[in-house]
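Input: a single structure, listed below in structure tokens.
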Amino acid sequence: MLLVFVILSNAIMYALQPGMVFFPTKNISQTPDQWGLKYEDVYLESSNQNKIHGWYLPVKDSKQVLLFFHGNGGNISHRGDSLKIFNRLGLNVLIIDYQGYGKSEGSPGEQKMYDDALVAWNFLITKKKFKPDDIVVFGRSLGGAVAANLAVDVNPRALILESTFSSVKDMAKRLLPVISRIVYSRYEFNTAQKITKNRAPLLVLHSRDDDIIPFELGEKVYQAAGKPKIFIVMAGDHNNGFVQSQPAYEQALNNFLSTNFF
């Protein structure tokens, strides 16, 4: 009976896991011009021939660009506060919606997200003519796993991971300590493992008051990484900590991007 229970639990949980991990919305509620920012609509083709939508936000005379990977909920139209911060810091920005989010076709998945990230990187290299040393890769929450996976393959100017976790397995142990022992996870998002191979200067930011991803999992990512690296303790909750930590948050980003290891 125990074996039957385990098998049935795994079958049910395997089917339910996409809905437990990804929370995309399709409606684009705002556009950058409503935030006072110039932008271009960008449409890319994924490795499986789906359309990927994003925005490219230029800053006059800026020679650096930030490649932005958002978390598992909403879409790019919910990232206005962040885009305004990076605009003030003088960075061009490319932000994309993964497959299944916003105007992007298809459905989300771990490998699809990694593939979409590489497509966005290649767009900056081939179409916008940036060099790898001009590109800062940024990931928040689940986007941190996407950013870390990309960074180890492309060696960007810098990598910034905000409010991210070490792995799905570690998250499951915290949220579902019993079930995680018997249920197979179809996703890994193993940021801590990937970050061991990172060569770019690293900034990790996390709040002790994060109500979704435990602070200790952000620390685990930082501890797994090689140097050079910096850890910044934020304030506030998971979704709004970067706003609640202002102006120190923005100053920390500026200081990191201005340090002499560049």
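The values are calculated or read from the model by the stated rules, or taken from the named source; none is laboratory data. Since the model is a prediction, treat every value here as computed from it, not as a measurement. Neighbour counts are summed over all protein chains in view; Cβ atoms, including those assigned to glycine, are modelled from backbone coordinates with ideal geometry.
So which residues in region 54-89 are in contact (Cβ under 8 Å) with a residue 12 or more places away in the chain, under 20 Å from residue 126 (Cα atoms) and more than 16 Å from the chain's Cα centre (by Cα)?
Once the filter is applied, which keeps residues that are in contact (Cβ under 8 Å) with a residue 12 or more places away in the chain, under 20 Å from residue 126 (Cα atoms) and more than 16 Å from the chain's Cα centre (by Cα), region 54-89 yields 56, 57, 58, 59, 62, 63, 64.
List the pairs whose first member sits in region 193-219 and is without any contact (Cβ under 8 Å) to a residue 40 or more places away in the chain, whose second member is assigned to a strand (DSSP E or B) and hydroxyl-bearing (Ser, Thr, Tyr), and whose Cβ atoms are under 7 Å apart, counting only residues at least 6 apart or on separate chains?
Here the result reads 215/207, each pair linking region 193-219 to a residue that is assigned to a strand (DSSP E or B) and hydroxyl-bearing (Ser, Thr, Tyr).
The rows are residues; the columns are (1) at pLDDT below 95; (2) closer than 23 Å to residue 161 by Cα; (3) outside any loop (DSSP other than H, G, I, E, B); (4) touching a Phe, Trp or Tyr at 6+ places or on another chain (Cβ under 9 Å).
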site	(1), (2), (3), (4)
7	yes, no, yes, no
16	yes, no, yes, no
26	no, no, no, yes
34	no, no, yes, no
38	no, no, no, no
56	no, yes, yes, yes
66	no, yes, yes, yes
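Out of the residues in region 124-146 meeting the condition of being on the phi < 0 side of the Ramachandran plot and assigned to a loop (DSSP other than H, G, I, E, B), tell me which one is surrounded by the most Cβ atoms within 10 Å (Cβ to Cβ).
Residue satisfying both the conditions and the ranking: 130.
Here are some conditions: (1) touching a Leu at 6+ places or on another chain (Cβ under 7 Å); (2) in a loop (DSSP other than H, G, I, E, B); (3) not polar (S, T, N, Q). Residue 117 meets all but one. Which one does it not meet?
Of (1) touching a Leu at 6+ places or on another chain (Cβ under 7 Å); (2) in a loop (DSSP other than H, G, I, E, B); (3) not polar (S, T, N, Q), only one is false for residue 117: (2).
Regarding region 154-161, can at least one residue be identified that is touching a Pro at 6+ places or on another chain (Cβ under 9 Å), within 18 Å of residue 187 (Cα to Cα), without any contact (Cβ under 8 Å) to a residue 60 or more places away in the chain and surrounded by fewer than 19 Cβ atoms within 10 Å (Cβ to Cβ)?
For region 154-161, residues touching a Pro at 6+ places or on another chain (Cβ under 9 Å), within 18 Å of residue 187 (Cα to Cα), without any contact (Cβ under 8 Å) to a residue 60 or more places away in the chain and surrounded by fewer than 19 Cβ atoms within 10 Å (Cβ to Cβ): absent.
Given the criterion surrounded by 17 or more Cβ atoms within 10 Å (Cβ to Cβ), modelled with pLDDT of 95 or more, under 13 Å from the mean Cα position of the chain (by Cα) and of a type in the set (A, V, I, L, M), identify the matching residue among 117, 192.
Exactly one residue qualifies, and that residue is 117.
Go through region 75-88 and report how many residues are more than 15 Å from residue 113 (Cα to Cα), in contact with a strand residue (DSSP E or B) (Cβ under 8 Å, 6 or more places away or on another chain) and either basic (Lys, Arg) or not in a helix (DSSP H, G or I) (or both).
Summing the residues that are more than 15 Å from residue 113 (Cα to Cα), in contact with a strand residue (DSSP E or B) (Cβ under 8 Å, 6 or more places away or on another chain) and either basic (Lys, Arg) or not in a helix (DSSP H, G or I) (or both) in region 75-88 gives 1.
Among the numbered criteria (1) at pLDDT 95 or above; (2) over 28 Å from residue 165 (Cβ atoms), which one does residue 74 miss?
Condition (2) is where residue 74 drops out.
The conditions are (1) within 17 Å of residue 157 (Cβ to Cβ); (2) surrounded by 17 or more Cβ atoms within 10 Å (Cβ to Cβ); (3) of a type outside the set (A, V, I, L, M, F, W, C), and residue 90 fails exactly one of them. Which is it?
It is condition (2) that residue 90 fails.
Testing residue 162 on (1) out of contact with any helix residue (DSSP H, G or I) (no Cβ under 6 Å at 6 or more places or on another chain); (2) at pLDDT below 95, one condition comes back false. Which one is that?
Single failed check for residue 162: (2).
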